[in-house]
Amino acid sequence: MSKIFLDLRHIYNHRAVCPDYEGRETLKKLGMDNYLKPNTLYFDRCIKKSGVECIFRKAQNGLDNVECNAQLLDIKPFPVKKITISGFCIWGTFQEDFILKGCDGSTRKAVARFSDVIWPLAFKEPYAIGADKKMCLDRTQILCEVEWDGNQGYIYYFTTEFPFPKLIKQILFPDNCFMHIFAITIEN
């Protein structure tokens, strides 16, 4: 399988890594709290875990992730059999569909289910019931640990694999401002 690490920088609209983490009290006064500590999230290098690979990037303006609000990402047409989406949620656990638009006009759905940045699903399982229990059993995987405003935090990944590759030209992100995407890896 061939992998492509999508470059999301042109649709980044949020900063997670605080440029001056030690001065975050000033940022909190401006209503901007909860930042990742620098040097706990590494940019421009391949992060690998359990056969999953991704690359976190940072735009020149300091933005480093996509706060989902129905962005449309154009990609060079590529036959996608497998897609891995990396990120986290704030204020809870969410499952959303990413719509992959094919060159032939058809669509596919890739699921992303992420836990709260500081509260992995595995920690919630003893307290979960019903649909929440199923989400815990389908566990989102932890990709890496980060420091989130003085607490241990996590970036997760979720992989969707299709039965056969399909030529994809666009990815439509969900409309959920609580979901933050840092990297997407596609494979054929």
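The values are calculated or read from the model by the stated rules, or taken from the named source; none is laboratory data. Model, not experiment: these values are computed from the prediction. Cβ sites come from the backbone with ideal geometry, for glycine too, and all protein chains shown count toward neighbours. Remember, those area values only see protein heavy atoms, side chains included, never the ligands or the DNA or RNA. Shrake-Rupley method; radii C 1.70, N 1.55, O 1.52, S 1.80 Å.
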Checklist outcome for this item: Along segment 105-119, Karplus-curve 3J(HN,Hα) (6.51, -1.76, 1.60; θ = phi - 60°) to the nearest Hz, with x for Gly and Pro, reads x, 7, 10, 9, 10, 10, 8, 10, 10, 10, 7, 4, 3, 10, 9
Item to check | Accessible surface, 1.4 Å probe, highest first, among residues W91, W148 | outcome: W91, W148
Item to check | Cβ crowding within 10 Å averaged over residues, with 98-107, 5-14 ranked highest first | outcome: 5-14, 98-107
Next on the checklist: Around C177, under 15 Å between beta carbons, what's the net of Lys plus Arg minus Asp minus Glu among the other residues?
Outcome noted: -3
Checklist entry - So, with +1 on the Cβ of K and R and -1 on the Cβ of D and E, and no other charges, what is the size of the charge dipole of segment 43-120 about its Cα centre, to the nearest 20 debye? => result 360
Item to check | Amide proton proximity set for F98, modelled H, under 5 Å, gap of 5+ | outcome: A110, V111, A112
